[in-house]
Structures are given as structure tokens and as C-alpha cells.
């Protein structure tokens, strides 16, 4: 979306609007050659983002107080507003690649759907290795069935406690210990990087390897 704004509409169309969607402001003038070069390029870049960002154009000749308020010393001057505040800017007619890089810094990445998060997790190498190790252990002579059952039922702390004990018991069986380690590392990955439970058991597990 591209719109012309002035001193009367700037507060509503830029400051307030940027609390809902990032707004890029292009300070320009009709007589400015670089402005005519930048204008179509930045308009196309904004259009390509399909509503995730908006462009507001300010004619500095007609809005000198506005240009002064935002310390516009040369044009074209482009400033990005997010949540009511200016967060980034550049001056001059940048090439399309740099315009796109600028917009990428300003626009927050789209939130992933639960399906996308699940797909990403399922393709994680540690998760995959952990699940393969679990399958091997399930076919072994002494599978840690109770631990796997607890994990599947959501009792993650109990499951990791049981697996930790299995690692201790398997001291003379390096192959079994390695399979248990892979299962636990896969579980740590599923719990996520901010999990205190995963961090605690990761430290405990490290003492055996």
C-alpha cells in the first residue's frame, strides 16, 4: 500500500498506523532526480511484500516542518517506523537488493504455524537420530519401556530421570549408552533451547561422556 501523507495526517497514517504494520516513509521532492529513481523501486519492493509493510510518501517542499522534525538533511530520505517509533533509515537511491535488505530488517518474520513448527522439528537431525535410537532400544532385550511411556504421556521430567538412570546402569555397554544418549539429546531438542529441564539433564548427561 502506497499513500501520500502530510503534516496533518502523519500522526495517524504513520505513527499510529505503524503500531499495526511497519510503515516506510519516503521523504522526496519532484525536482529530485535520485528520488525519481528510488520511488518506483521502493514502491515495487513494498508491493512485493503483499501488505506486510506500507509506504508513505512525504513531499518535503510542502511539508518542511515535518522534514525538519525528522532531521531530513538530504533526499531521498527513507525512514522506517514500527510501534510508533523510527527504527531504521537510509539516505540516497539504493539499488533494489539493498532496499530489500532494509525492508527485511524492518518487517518481523512471519509466525510459523503449528504445522510448520512440527515439520521443522521432525526434520531436525537430533530429533531424527533420537527416534531412530529409540526404535533400536525398543527392539533390544531390555527396553526402557517405562521411560518411553512416561515421555509419550507428557511426564517429561520422570522420563528423563529414568533414562538418566539407564545411562548410569549401562556403564559397561557403550553401544547402549550411546543409544540412550541419542534419545535424550533428541528429547532435549524437542523441549527447546529455553527449557530448564533440558539444561539440567544435559549437564548430568555430559558427566557420562
> When you scan the stretch 56-89, how many residues do you find that are closer than 12 Å to residue 102 by Cβ and surrounded by 15 or more Cβ atoms within 10 Å (Cβ to Cβ)?
Replying inline: 5
> Is one or more of the residues making up the stretch 129-137 within 26 Å of the chain's Cα centre (by Cα) and either closer than 30 Å to residue 35 by Cβ or assigned to a loop (DSSP other than H, G, I, E, B) (or both)?
Replying inline: no
> Which of the residues that make up the stretch 150-198 are exposed (fewer than 13 other Cβ atoms within 10 Å of the Cβ), part of a helix (DSSP H, G or I) and within 27 Å of the chain's Cα centre (by Cα)?
Replying inline: 196
> Using beta carbons and a limit of 8 Å, which pairs, at least six apart or on different chains, have the first residue in the stretch 1-19 and touching a residue at least 12 places away in the same chain (Cβ under 8 Å) and the second one loosely packed, with under 14 Cβ neighbours inside 10 Å and assigned to a helix (DSSP H, G or I)?
Replying inline: 2/47; 7/65
>> Considering only the stretch 74-90, I want to know if a residue exists there that is part of a helix (DSSP H, G or I) and either within 31 Å of the chain's Cα centre (by Cα) or farther than 30 Å from residue 46 by Cβ (or both).
In response: no
>> For residue 47, only one of the following conditions fails: (1) buried (at least 18 other Cβ atoms within 10 Å of the Cβ); (2) assigned to a helix (DSSP H, G or I); (3) under 24 Å from the mean Cα position of the chain (by Cα). What is its number?
In response: (1)
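Read the figures in this text as sums done on the coordinates, not as results from a lab. These numbers come from a predicted model, not from an experiment. Virtual Cβ from ideal backbone geometry, glycine too; neighbours counted across all protein chains shown.
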